[in-house]
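Just below is one structure, and these are the notes that go with it.
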Amino acid sequence: MTPRQALDDLIREREETYAAVSRLLGRNSAYIQQYIKRGTPARLDQSDIAQLALHFDVPAKLLGGKESSSTPRRSVITVPVIEAKGLEIAQERSRIVDEAWLRRLCNSPAGLAILPIAGEAMQPTLQNGDEVIIQRLRSHDALQDGLYAVRGSSETFVRRIALDPTKNRISVLTDHPAYPSWNGVQRKAINVVGRVIWIGSQVW
């Protein structure tokens, strides 16, 4: 069995998609489909093979990689992706992220999630298609001025929060003037999911 066939079988067995596995690697959505169906690229990078082997829990050799018992593996963490619609975690879109890098962003990787940005309400700070990493709030965590993921009636989105401590109220703001903001609302009226700790944007 070739590495292409092995990867194709794993994707089908786990009921994943080519696009989801491509995004897992930080590649464009067609990357894995082109590799399997068109033979482009001729072989995957060793770093991609290592991530896929960890994701599917198979030996790297099965996917065309090299295994060396003398080479230690870096510690990685699987970070779930929140669907923009609702607050569902899509396990097939979870990302494998280097633990050491995550610990430079926050003290504890527990409670982290990735949220794709949909729409233009936070332009120019955030563009449609960007992704952010959020640290989920615990019950005793206090809000500060900054960017947060907010749960609406049918979707989860990022907004800028400004505090008015004298009145125990907050403002939930968009960065794009064409989209409405909510000023002076009660804190308990807003379901704040987590604080944005990292922004990822496509550079053209």
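What follows is calculated from the coordinates using simple rules that are stated; it is not laboratory data. Just so it is clear, the model here is predicted, and its values are computed rather than measured. Ideal geometry is used to build each Cβ from the backbone, glycine not excepted, and the neighbour counts take in all protein chains shown.
For this structure, a couple of remarks:
- Label corresponding to Cα extents along the principal axes in Å when calculated from the structure given, among (1) 52, 34, 32; (2) 54, 43, 35; (3) 66, 35, 30: (3)
- Relative contact order (%) - the chain, alpha-carbon pairs under 8 angstrom, separation at least six: 15
- Restriction of the trypsin sites (Lys or Arg not before Pro) in the range 17-63 to DSSP coil positions whose beta-carbon has at most 14 other beta-carbons within 10 angstrom yields ARG43.
- In degrees, nearest ten, helix 3-13 long axis to first principal axis of the chain (Cα): 50
- Positive-end residue of ASN168, LEU25, ASN191, charge dipole of the chain with Cβ unit charges: ASN168
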